[in-house]
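Only one structure is covered here, and it is reproduced in the block below.
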Number of protein chains: 2
Amino acid sequence: MTDKTEAKIITAAMLAIGDELLSGRTRDKNIGHLASALTLQGIDLKEVRIVSDDQDEIVAAINVLRQRYTYVFTSGGIGPTHDDITADAIAVAFGIKIDHDPRAMKLLGDHYASREIEFTTARQRMARIPEGADLISNAVSIAPGFSVDNVHVMAGVPSVFQAMVESLLPTLKGGAKMLSSAVECNHGEGSIGDQLGIIQNQHPQTSIGSYPKFDGNTYTTQIVVRSRNQLQIDQAIADIKTMLNKLG
Amino acid sequence: MTDKTEAKIITAAMLAIGDELLSGRTRDKNIGHLASALTLQGIDLKEVRIVSDDQDEIVAAINVLRQRYTYVFTSGGIGPTHDDITADAIAVAFGIKIDHDPRAMKLLGDHYASREIEFTTARQRMARIPEGADLISNAVSIAPGFSVDNVHVMAGVPSVFQAMVESLLPTLKGGAKMLSSAVECNHGEGSIGDQLGIIQNQHPQTSIGSYPKFDGNTYTTQIVVRSRNQLQIDQAIADIKTMLNKLG
């Protein structure tokens, strides 16, 4: 277990916050985006949770996830209205103070002044940031996200979430990247499953997944081999191709 | 709290299972579908989790969620390959036996015989069902889902998941439906947030949400009022419209 292929594993969880995700009114677009971005950076997304705009639920989830994973990323609930309660929930979770942050007040104040938009009490709510937090910059709509310890709090609007991910991720330590290669085949999983299980056993340091697609009539399968070592992937892929060639 | 508007609340959680959802390789399409279907049936989806194809993770999540909510719905991991471990994980979670189920073996055996497809050991894996489970029928690809107590186990392929939801949901007890009405407006949340907070306080039996959309230049907002009582919704909507009319 201490051979050269052992690599540093960095883990993460995501907490998506919002009644609208649970009612079906809004289809989440942030989970898949973050998952792909983390994979590229060598950070393993291990768990996602979606909870409602409820302080107790948010606090409970944050306090479990931040203990369990290297990083926690949240989406949603940091806008200017009464149902945006994520920042306050984070302060409660960490037991720290929260108030209007001078850096965020200046960013937003300057932004609205330059556009001759009133800096309402509601808009000032977006400057409520827990004490000691770092700001996450947001090129799209200026109102910042923030980081407290290993918890990174971002917006729910996808274009803003993506802008925050883009500014945040390069500042985080990534691990050895999980690599993957895929083979498509015209066989259903049921035709290849027995042999694929044997190949998985022969290549225990890889993780072999098979993902069926169904067009209404026939199944095809995408076989994906994952590992942090490309040589191990290549060896498993070679065995899979040999198996598929024999099937014809 | 015991007035006529109090209604029976039925709650649910969803557990989506699959490495591919967490790596970003596959974008989930089942959460939003189930969320909408449950809302129509008066079942409140309170929490969603996504975990990897890892027995310990699945068992832990199932055993928390099934205690906490009326129903639990799972997606993924019931196909014919070695990485399909959901059925075995459910058996472990409940501490019950699992084996090839005679009903499922007959369904699948007949299906493959009629198509002259070999009923491989891999395909027989799809008939592994925990003892005492009810089957969930699947008009798309025959291999059934199943229900153990309040946990309903369904496939990850969206067309199959949807077929299972369609056959399962009418058999479940729904609650009083959560109703909602929406108002669209051309104001950003920051312009209406203060007054919307006041209106929320004046209508405590409704839940008022505001959902910003950003087109890259300007924000618009969808205001949604939710309650199990349409009269309460109508009263809140009237106040919101009066507020918006004053803003011009």
Taking each label point as 7 Å beyond Cα in the direction of the beta carbon, state the distances from residue B:97 to the same residue in the other copies, shortest first, in nm.
6.4
Shortest-first nm distances, residue A:171 label point to equivalent points in other copies (7 Å, Cα→Cβ):
5.2
Positive-end extreme of charge dipole, segment B:179-247 - chosen from B:180, B:218, B:229 (charges on Cβ):
B:229
Order of B:49, A:27 under a 10 Å beta carbon neighbour criterion, fewest first
A:27, B:49
Go through A:95, A:130, A:72 and say which Cα lies farthest out towards the positive end of the charge dipole of segment A:10-171; charges sit on Cβ, +1 for Lys and Arg, -1 for Asp and Glu.
A:72
A from B by rotation - nearest chain B beta carbon to the axis, in Å
B:49, 3
Can you compute 3J(HN,Hα) from phi for each residue in segment B:37-54, using the Karplus curve 6.51 cos²θ - 1.76 cosθ + 1.60 with θ = phi - 60°, rounded to whole Hz and x for Gly and Pro?
5, 5, 4, 4, 8, x, 10, 8, 6, 9, 7, 10, 10, 10, 10, 7, 6, 9
I want the local charge near residue B:191. Using Cβ-Cβ distances under 10 Å, sum +1 for each Lys or Arg and -1 for each Asp or Glu among the other residues.
-2
Quick check: net charge around residue A:174, other residues with Cβ under 11 Å of its Cβ, Lys/Arg +1 and Asp/Glu -1?
+2
Please compute the average number of Cβ atoms from other chains found within 10 Å of each residue's Cβ in peptide A:118-126.
5
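Around residue A:11, what is the net charge, scoring Lys/Arg as +1 and Asp/Glu as -1 over all other residues with Cβ under 13 Å from its Cβ?
Working: positive: A:8, A:46, A:66, A:68, A:173; negative: A:44, A:47, B:54, B:57.
My count for the surroundings of residue A:11 gives +1.
Please state the charge dipole magnitude for segment A:77-151, taken about the Cα centre, from unit charges on C-beta atoms (+1 on K and R, -1 on D and E), reported in debye and rounded to the nearest 20.
Values: 7 positive and 11 negative charges, 25 e Å.
Dipole about the Cα centre, nearest 20: 120 debye.
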Using per-residue counts of other Cβ atoms within 10 Å, averaged over each peptide, order A:193-199, A:166-172 from highest down.
A:193-199, A:166-172
Give the order of A:56, A:234, A:239, A:84 when sorted by the count of other beta carbons within 10 angstrom, beginning with the fewest.
A:56, A:234, A:239, A:84
Answer with one residue from A:247, A:32, B:148: the one whose Cα lies farthest towards the positive end of the charge dipole of the protein assembly as shown, charges on Cβ with Lys, Arg +1 and Asp, Glu -1.
A:247
Unit charges on C-beta of K, R, D, E only; dipole of segment B:10-171, Debye
300 debye
From the label point of residue A:68, set 7 Å along Cα to the beta carbon, how far off in nm is each other copy's matching point, shortest first?
1.0
Antiparallel as a % of all DSSP beta bridges within the protein assembly as shown, to the nearest 5?
60 percent
Just how many pairs of Lys in chain A have C-alpha atoms closer than 16 Å, counting pairs that are eight or more places apart or on different chains?
5
Rounded to 10°, Cα long-axis angle of helix A:158-168 versus longest principal axis of chain A
90 degrees
Hey, how many Å between the Cα centroid of segment A:203-225 and the Cα centroid of segment B:180-248?
45 Å
As a footprinting exposure proxy, order B:191, A:180 by other Cβ within 10 Å, with the fewest listed first.
A:180, B:191
Rounding to the nearest 20 debye, state how big the charge dipole of segment B:179-247 is about its Cα centre with +1 on each Lys and Arg Cβ and -1 on each Asp and Glu Cβ.
160 debye
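Read-outs: derived from the displayed coordinates by stated rules, not from any lab. Being a predicted model, the structure only gives us computed values, none of them experimental. With ideal geometry, Cβ positions are generated from the backbone for all residues, glycine too; neighbour counts draw on all protein chains shown.
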